[in-house]
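Notes to accompany the following structure.
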Amino acid sequence: MKVVILAGGYGTRISEESQFKPKPMIEIDDKPILWHIMKEYSYYGFNDFIICAGYKQHMIKNWFYDYYISKSDVTFDYRSGKPEIHVHDSYIEPWKVTIVDTGLDTMTGGRIKRIQKYVGDEPFLMTYGDGVCDVDIKKLVEFHGKHGKCATLTAVQQDQSKGVLDIGENNSVRAFREKRLSDGTMINAGYMVLNPEVFDYIDGDDTVFENDTLGRLADKGELMSYLHKGFWQCMDNIREKEQLEKMLKAGNAPWKKWQDK
């Protein structure tokens with residue numbers, strides 16, 4: 001099962017960092033938050049990634065190229081007059097990473113639509129490139145497979161300005177809208193499982209996935225929620241970035257289930 005990660009936005013709410021790099025490439029500790037998200041999925045055996053890039057997309061591509069070299073012993077041989085590179089022992093994750101330029105101003109639904117050919121006709125995982133979570137992704141996938149609907153999102157309860165879910169019986173999502181300050185309810189944390197039919201609910205580049213697509217799916221009874229009572233945190237501003245860094249340095253990062261090597 002492929003993992004689609006939205007990583008193309010401007011990240012204006014954390015402009016202190018995003019003016020220099022894409023938001024998913026902003027580091028917590030010494031690795032981009034995108035890397036942390038990918039490690040979460042890899043921990044559960046999901047290693048085939050599609051990155052929906054846009055703003056400063058070349059930096060994401062360059063990072064993955066450099067990452068391979070930085071994790072290896074390398075010999076650069078120029079004696080023949082032609083540069084030769086020999087890669088020796090290395091430790092790299094067993095990842096396949098497809099980075100797609102989905103446009104600079106494309107909306108979230110449009111970015112997903114643009115990578116349809118890379119996903120194919122199978123269900124896929126999807127999340128945002130700016131939040132970490134300790135959800136059990138295998139259980140999430142199992143839940144999605146049992147209910148038979150088109151889409152599943154992970155729902156958490158936090159006081160943040162994210163999409164609000166009206167959850168009915170059997171965890172079905174009856175409505176989807178943007179959060180108001182007066183709300184104290186479940187919100188969309190990403191970490192979704194989507195059937196390929198979801199592409200039929202995306203009209204083009206101007207489609208906002210959270211409002212247009214999820215709203216239509218909810219209206220048709222095709223959107224379910226997986227209730228997660230554990231940890232989830234997005235990185236919308238410098239304060240949240242520093243909070244995640246403190247958790248890592250203190251050895252208290254719930255999303256970090258893997259062992260360092």
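The values are calculated or read from the model by the stated rules, or taken from the named source; none is laboratory data. All of these numbers come straight from a predicted model, not from anything done at the bench. FYI the Cβ positions are ideal-geometry reconstructions off the backbone, even for glycines, and counts take in every protein chain you see.
Residues that are under 30 Å from residue 142 (Cβ atoms) and either touching a residue at least 24 places away in the same chain (Cβ under 8 Å) or part of a loop (DSSP other than H, G, I, E, B) (or both) within the range 9-33 comprise 24, 28, 32, 33, listed in sequence order. Flag: residue 170 matches the condition of being modelled with pLDDT under 80 and either part of a helix (DSSP H, G or I) or touching a Cys at 6+ places or on another chain (Cβ under 7 Å) (or both). Among the residues of the range 191-205, those identified as in contact with a Cys (Cβ under 7 Å, 6 or more places away or on another chain) and part of a loop (DSSP other than H, G, I, E, B) are 191, 195. Per the listing 156, 193, the residue uniquely modelled with pLDDT of 95 or more and touching a strand residue (DSSP E or B) at 6+ places or on another chain (Cβ under 7 Å) is 193.
Each residue in the range 39-55 was checked for being assigned to a helix (DSSP H, G or I), within 13 Å of the chain's Cα centre (by Cα) and among the aromatic types (Phe, Trp, Tyr), and 1 pass. Looking at 36, 58, just one residue is surrounded by fewer than 16 Cβ atoms within 10 Å (Cβ to Cβ), part of a helix (DSSP H, G or I) and at pLDDT 95 or above, and that residue is 58. Restricting attention to the range 69-84 and to residues that are of a type in the set (A, V, I, L, M, F, W, C) and surrounded by 10 or more Cβ atoms within 10 Å (Cβ to Cβ), the residue that is nearest to the chain's Cα centre (by Cα) turns out to be 69.
Answer yes or no as to whether residue 260 is at pLDDT 95 or above and at negative phi. Taking the combined requirement at face value, the residue does not satisfy it. Return the residues of the range 206-226 that are hydrophobic (A, V, I, L, M, F, W, C) and either modelled with pLDDT under 95 or assigned to a loop (DSSP other than H, G, I, E, B) (or both); say none if nothing qualifies. Across the range 206-226, the qualifying residue is only 208. With respect to residue 80, is the statement that it is assigned to a helix (DSSP H, G or I) and either more than 21 Å from residue 116 (Cβ to Cβ) or at pLDDT below 90 (or both) true? Against the criterion (assigned to a helix (DSSP H, G or I) and either more than 21 Å from residue 116 (Cβ to Cβ) or at pLDDT below 90 (or both)), residue 80 does not qualify. Residue 100 meets the stated requirement of being modelled with pLDDT of 95 or more, part of a strand (DSSP E or B) and in contact with a Cys (Cβ under 7 Å, 6 or more places away or on another chain).
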